[in-house]
């Protein structure tokens, strides 16, 4: 806080997520052909992708790797000064922050790690997407033409990491970056099992849930917004027709009331398509909703029991392969997808 | 601006709109039975109403009056200090600001007038809605039970005023309150015909369009958000079945891409139900979209021509009754709706 | 068959279903307040109900009883002569058919039992619904005003009975009444586990699935059509808000591709709301789809596993209470709901 | 009628429509790329196309021609005997019927002309669509994989012809083929301005409206069914993005309550995408709804005024070019699209 009751408002929104994939070509085909995203750049082993309503050049960086999981997640600040203020706050709190140049799709950034060792990035300078002629929209208040292909991803919505100590991560993001906690889960033993943070009027920009095996830095899923709940029902058919593994949904989360559908992309990472309808958190002093263990045992909003793999499957896979029973064995050869 | 590139972020969101109605009982029945809103308080000649997802006690104040139009519109600030900063900024710019106590549904506020003489209010202290037992929701992250009645208004979304000098109003709201202009219309003669301002991630919290008769202080419409575009199609049927005059829609605006439907409530005020889908303005430095006269002549997004009454009907009616040909004659007896 | 390749076309459509309920008042409140149906008559222990798009006076007959389950199901014929032809065919095949007068909502009917002892009725003379002034629709091609209340049931869609010998029932309905079988399930041992029959362009008007306990005459569910898939998602919220037990869904059946949601009404009977989208079976010579045991083990269309109670809960309950673990204990006092 | 009250049930459904186009390549691209249909055969100057839920090999025959308009429309009968019965009935009523072999997509047919000189065809033998491996659906009760491309046409729904004498055409189709009239328009002078006929549980399989210039054989539009009203809203965006001329809609017809959207395909023919929701006409004795001149002047269901070109634009164009002001000039060179 700047003062007694003044919120920190320096983070503008989630900018992009970098996903690692051991099957880069298949992952790329999935995001372009099935998800309906557009390739907007290549650099090294990475391909930049975007939804038609993302205003920046890219929102998903797909990077060939020996394994799956999160590369990094990045937030854009509200101004150049806001960026410097957050770097100062991180350093003042004893966190290591490094300057990062040569980014694909945006300017200079600062990188740091959360208490669970996930890599994060904040930046101000960015590239606004300029659609080539064949992708120019009919309405000038839109970034890119509606693709009418596959699932028609609209924009990046949020991501979800696992953490051994959820509370420590929440406090880190609240105190150093000013995120607000809209909802959380507190178990009977007082420990924290999940938390949802936002810097916008969306009810969350990212979430952390508990990692059960004590292994830091793991990733649960990345989520893209579609236009409507009907679009998500149609997406289920598109996934079915394309042989994409549907893990669970469509259904409505009790937490945050998001209408969701989870699939696995070819690299093994869990991908969600979701729509929150007209739901926004407008209250600047929103009172955090705390769910109890008993409440969460009721399952999802309309009674769907949370599927077992939701608690076991994450990326990268566990060293012993546990928690990945439901995923067909990945061969980990990493061809360069940008070559 | 506080500094070179620092935005003013003191306004949190649109809080409520006060509508004047010469037919208070009929207007109240319209908002409760047809719109599906809930009465949440009475004071003097006013009734407070709310949508099921509004977090404050009320979002619509319906006040019996000798005529129709806007009573006032109110914005909530992000903090107590933010409120004082905005009052100081208004006064520093030479505007008269008065303190207002005893408000229904929220605490002390400050009131002032825009350059077109509309009455505005800003406040910080508010009452969070506490649902009575029969209206308690099943999910604890929701303010009130879904009513399953009429049009099922979710929450207040925005309002639209007319102004003789749109540009002056825009500059007033940008400089004193920090609103950002996401879209505007500039005619061939360089004058400004419309502007859409926001303090949130919604692409607008209110709009001003040009008043054609040189009369200040007039009102165009208030808009409530429904859940989905399908909900708006269903609303059209509900209006039809209840004998509510549908002016135009459902259709999609080119400006802001809102999916809209306009009706007249019994007091003569235009009411819109709308849904913007998953559209949000996340860019903190969004570049204002300026529509030209030629572009606006194309009509709405899918080609619907803008209906004539959209440019002529406003509230209160013109002294000579012009511009209200399409509305059945109002008898202006104002019974107390709160008695 | 009339000739070599001539189909029997004497049945026009499913007309109504009679449900037995040991909690008549609560069941009535459920169908009127939550389902949004309209009461259209009373006779003895029965109340007649209807959806806003049902053209006949009623489509659901709710009858107070000492237990739950199916009273009877009724089909309307295409003509008076068609009715007599079907009676003759039933009698020629050795089935007992009795004439039934004094029906609520339609004229004289004939009643008979299927091989599993469920009671059926066929009739031609019917009462077209005449809406009272307050329920008259705005459009003259519609039976009744859209209610904008609860789930807004549109019309009766289909029902599902259990049978010890599914194949015998299928052959009975095909040979005597001319129903066409659009889909069926055949297990590895050659036995028949389910069949879906139609007399219309809907892909089914009723279904039979296997009864696991050897008890005849049991009932699985009755289904009402809503307007859209979005309406079914909204219905899930309405059920949630009203404390109605949601058994499973919303999801999409693989069989028939119906978008479904199952709940239990207060009397214990399973009720489905569903929408098949634009799907119709137009081919007069549609080739029956036969699902294998392996195919059905895959669960529903998008991978949802079929919930256990779907195979165990039916009405009336088993004598020993087995199969009804998931239902709160019913007290079986039957008050007259029509008194 | 066969007897006193026995309906003729020999026509099963609308099978396909042949459209003539002076811009065959552009029309083909429109139907494949924008409408999302699939090419399923070529013969001479014609290309056969289909929606993913059409069970026959094709539902649209696109034929290169010197002008636009209807080639022919075809109905499938319920049996071989039904086909012969209708031929006999047509001939008994003095109409010329010719046998037609070598059809693309179905077997032998009989052809005849209605009183307004449109060409019609009835047939029984047909080809069921066999999807190639890459277009095979995941669910075995579906004809073809959901394309996830463009507008995703589901199936042919209906067509609309113009006629100088609507009443004569209605009586022709009712008496010789057994169609039922569900709705009609009768003007104050007693003349008939429109009629909607059905052989199925759809509320209409085709319609005729009045031709204003006294020229026979003209065509108004062909309509394809999409999945939902939301799909039609999305289709409007797809048309917008692809530069397709949107004439009017999306809106809801008062007549038949269809949710509609009209565009012009490159050859000049009007094409509609529509969805009737869950609406079906199940009554075998449905009472024809007759709309008066005053009722029709109210416009569409929610008040949209019927657009002028709806009454003037038809295909082929008038000899003097009247009625086609809104269409960009066609150059009438007919390249072979099947070559």
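Read the figures in this text as sums done on the coordinates, not as results from a lab. Given the structure is predicted, the values throughout are model-derived calculations rather than measurements. All Cβ positions, glycine included, derive from the backbone under ideal geometry; neighbour counts span all protein chains shown.
Structure data summary
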quantity	calculated
Separation of the residue B:92 and residue D:127 label points, Cα + 7 Å toward Cβ, nm	7.9 nm
For residues of A:198-208, the mean tally of beta carbons on other chains within 10 Å	2
Relative contact order (%) - criterion: Cα under 8 Å, at least six apart; region: the range C:11-312	18 percent
Angstrom value of the Kirkwood radius, inverse mean 1/r, which spans all Cα pairs in chain C	20.3 Å
Percent of Cα pairs exceeding the 43 Å cut-off, where the set is the protein assembly as shown	46 percent
Helical contribution to [θ] at 222 nm, DSSP H n ≥ 4, -39,500 (n - 2.57), averaged over chain C, rounded to 500	-4000 deg cm²/dmol
Residues C:20, C:240, sorted so that the one with the fewest Cβ neighbours within 10 Å comes first	C:240, C:20
Shielding by other protein chains, B:69-80, mean Cβ within 10 Å	2
Residue C:312/residue B:298 FRET efficiency (R0 60 Å; Cβ-Cβ; nearest 0.05)	0.50
Relative contact order (%) - criterion: Cα under 8 Å, at least six apart; region: the range A:98-137	31 percent
Rel. contact order, % - alpha carbon contacts under 8 angstrom, at least six apart, the range A:21-84	30 percent
Fraction of beta bridges assigned by DSSP in the protein assembly as shown that are antiparallel (%, nearest 5)	70 percent
Förster radius 56 Å - calculated FRET efficiency between residue D:191 and residue C:26, Cβ distance, rounded to 0.05	0.50
√(5λ) per eigenvalue of the Cα gyration tensor, the range C:102-146, largest first, Å	32, 12, 9
At 7 Å out from Cα toward Cβ: residue A:213 inter-copy label distances (nm, ascending)	4.4, 7.3, 7.4
Most mobile listed residue (C:282, C:19, C:197) in chain C, GNM with C-alpha springs under 10 Å	C:282
Likely footprinting exposure, C:200, C:98, fewest C-beta neighbours within 10 Å first	C:98, C:200
Burial ordering of D:79, D:27, fewest other beta-carbon atoms within 10 Å first	D:79, D:27
